[in-house]
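The values are calculated or read from the model by the stated rules, or taken from the named source; none is laboratory data. This is a predicted model, so every value here is computed, not measured. Here the Cβ is made from the backbone with ideal geometry for all residues, glycine too, and neighbour counts use every protein chain on show. Calculation scope for accessible area: heavy atoms of the full protein, side chains included, ligands and nucleic acids excluded. Shrake-Rupley method; radii C 1.70, N 1.55, O 1.52, S 1.80 Å.
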Amino acid sequence: MALSALLALRAFLARLLRPLLDNAFVKQLRLFGRRLAAAGTAGHPPNIRPRLKILNVMCYLIAATTLLYAIQQALTDYDRFAPMVHLNLAIVALVLLVPFAHRINDIAGGLLLVAVEYAALIGFAAFFSREGGGHLQYLIAAAAAFVIFGLERIWLVAGVIILAVVLHLYVWYAFPIAGPVTADQQAVMDSLYTQGAITTFALIAASVYYAFSLAEQAKAETDAVLRNVLPDSIVERLKATPNAVIADSIDDASVMFADISGFVAIARSLGAHATVDMLGRIVSEFDALAVNHGVEKIKTIGDAYMVVAGLPEPVPDHAPRLARMGLDMLATVERLRTENGLPIALRIGMASGPVMAGVIGTKKFSYDVWGDPVNLASRLEGQSIPGRILICPQCRSKLGEGFIYEAREAIDIKGIGSQEAWFLVGERRPDDPLSSPVFTPMGRRQTRTAS
């Protein structure tokens, strides 16, 4: 809940600050900031760079706050605070070397930052005593070490945290305040302690926020990948019971296969790049149609496209949904044919009936469908002709008089035998007469009026 509230707050602030963020000067500043954050990370693998970038940002923040300390102390009483002014300036210089240390390896910068900070805090305590609050910043290691070195180096992280605890306790016992404290000294101590506490809490909060952001980003990316290959309801079932077998029997659903006619010859003439580009555009448009019609894409196999309706969630109008999808697919391919001049045409087969569905595999898993309608739809697609949708008797019955058909003579289907079939011509408009064009064996058309 806390993370959701934080993300909601971030989204609200993004909307609120959008006019400012769109300013040209601000955009240039953001670009410069991204370049600074990426300094020294170019030679590292993509999974390492985010960690190094956040380390760079931490170093810039530390350098900025430390420089402010140096200026504040120099303006307050330079003669008195000269050692601390020089120490702060040295910290600034060393911390800004961290991005250059990334060029050695992915932990060199982190080790440099830890060494500089741990040693400097002892110097602060020796000068201001433990009342200055510098030792509080050892507590940052409890969160920041994970960000700096990553979970893959858990022993290094543990060592850095343990050393921070030891040094925190050492400073507490080794540098108590000596002698009476004057009012002006107490004011300086109070100011330093306040600044140290604020810095400590801010950096711990930033480290935890970053860790949660990475976790949320990884979760969102994984979820997006899952939803690209599985239906949403199946993803939720897998998340609820990761090791469960996902298998369903659906009493009534519709299956459609589509295939590009003459694809092999077209691909041979186009070459690999143009072929993939063409298929990518066609499949992307089909995917959008599947979403619009409320049906479920199952898979593509080469130039074949399989889509179903009525599963994983049963719906009463699965056949009309899929029929409209098929008609829109034909229209889409015709439009693309006109636009690019390629001789592409689609054959489609559609069947209805009881099916089984489930998730297969454990690594490259997929959601697949089995049953007689699957085999029949595939056979009908093979028996169809370019630019037409061939449907089975069950589809014809479920679609009823809401669509227009062209009957064709019985066809012989492997594993089934002689089978009646119809071409789906289009969806009937309210003012259309109840008549159905019929294909005769000679290809001539006559009209049969429905009773």
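Overview of results
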{"quantity": "Index of the failed condition, TYR118 passing every other in (1) touching a residue at least 24 places away in the same chain (Cβ under 8 Å); (2) under 21 Å from PRO45 (Cβ atoms)", "calculated": "(2)"}
{"quantity": "Residue match in segment 66-73 (condition: in a helix (DSSP H, G or I), without any contact (Cβ under 8 Å) to a residue 24 or more places away in the chain, open to solvent by 40 Å² or more (accessible area, probe 1.4 Å) and closer than 24 Å to LEU163 by Cα)", "calculated": "no"}
{"quantity": "Any hit, segment 375-390, residues being surrounded by 20 or more Cβ atoms within 10 Å (Cβ to Cβ) and touching a Pro at 6+ places or on another chain (Cβ under 8 Å)", "calculated": "no"}
{"quantity": "LEU52 being in contact (Cβ under 8 Å) with a residue 12 or more places away in the chain and either under 24 Å from LEU151 (Cα atoms) or not small (Gly, Ala, Ser) (or both)", "calculated": "yes"}
{"quantity": "Among the candidates ALA240, ALA211, ALA253, residue that is out of contact with any Asp or Glu (no Cβ under 8 Å at 6 or more places or on another chain), small (Gly, Ala, Ser), modelled with pLDDT under 75 and open to solvent by less than 60 Å² (accessible area, probe 1.4 Å)", "calculated": "ALA211"}
{"quantity": "Residue in segment 413-430 that is modelled with the lowest pLDDT, counting only those that are open to solvent by 80 Å² or more (accessible area, probe 1.4 Å) and not in a loop (DSSP other than H, G, I, E, B)", "calculated": "SER418"}
{"quantity": "Test result for HIS293, within 21 Å of ALA319 (Cα to Cα) and not aromatic (Phe, Trp, Tyr)", "calculated": "yes"}
{"quantity": "Any hit, segment 86-102, residues being open to solvent by less than 20 Å² (accessible area, probe 1.4 Å), farther than 24 Å from ILE71 by Cβ and among the small types (Gly, Ala, Ser)", "calculated": "yes"}
{"quantity": "So ALA115, is it on the phi < 0 side of the Ramachandran plot, surrounded by 14 or more Cβ atoms within 10 Å (Cβ to Cβ) and of a type in the set (Gly, Ala, Ser)", "calculated": "no"}
{"quantity": "Complete set of residues in segment 344-361 that are within 32 Å of the chain's Cα centre (by Cα) and not in a strand (DSSP E or B)", "calculated": "GLY361"}
{"quantity": "The listed residue being over 24 Å from THR194 (Cβ atoms), in contact with a helix residue (DSSP H, G or I) (Cβ under 6 Å, 6 or more places away or on another chain) and among the β-branched types (Val, Ile, Thr), out of VAL116, VAL147", "calculated": "VAL147"}
{"quantity": "Number of the exception - GLY280 against (1) closer than 24 Å to GLU236 by Cα; (2) free of Cβ contacts under 8 Å to residues at least 12 places away in the same chain; (3) of a type in the set (Gly, Ala, Ser)", "calculated": "(1)"}
{"quantity": "Matching residues in segment 329-346 - criterion: being on the phi > 0 side of the Ramachandran plot and either basic (Lys, Arg) or open to solvent by less than 40 Å² (accessible area, probe 1.4 Å) (or both)", "calculated": "none"}
{"quantity": "Pairs, first part of a helix (DSSP H, G or I) in segment 30-49, second among the aromatic types (Phe, Trp, Tyr) and modelled with pLDDT of 85 or more, C-beta under 7 Å, six or more apart", "calculated": "LEU36/TYR60"}
{"quantity": "Among (1) out of contact with any strand residue (DSSP E or B) (no Cβ under 6 Å at 6 or more places or on another chain); (2) open to solvent by less than 30 Å² (accessible area, probe 1.4 Å) - the single one LEU270 does not satisfy", "calculated": "(2)"}
{"quantity": "Among the residues listed as GLY349, GLY310, GLY326, GLY361, the single one being among the small types (Gly, Ala, Ser) and open to solvent by 10 Å² or more (accessible area, probe 1.4 Å)", "calculated": "GLY361"}
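Per-residue answers, yes or no, for (1) within 18 Å of LEU94 (Cα to Cα); (2) of a type in the set (D, E, K, R); (3) touching a Phe, Trp or Tyr at 6+ places or on another chain (Cβ under 7 Å):
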{"position": "GLY109", "(1), (2), (3)": "yes, no, no"}
{"position": "ALA119", "(1), (2), (3)": "yes, no, no"}
{"position": "GLY133", "(1), (2), (3)": "no, no, yes"}
{"position": "LEU136", "(1), (2), (3)": "no, no, no"}
{"position": "ILE140", "(1), (2), (3)": "no, no, no"}
{"position": "ALA143", "(1), (2), (3)": "no, no, no"}
{"position": "ILE148", "(1), (2), (3)": "yes, no, no"}
{"position": "LEU151", "(1), (2), (3)": "no, no, no"}
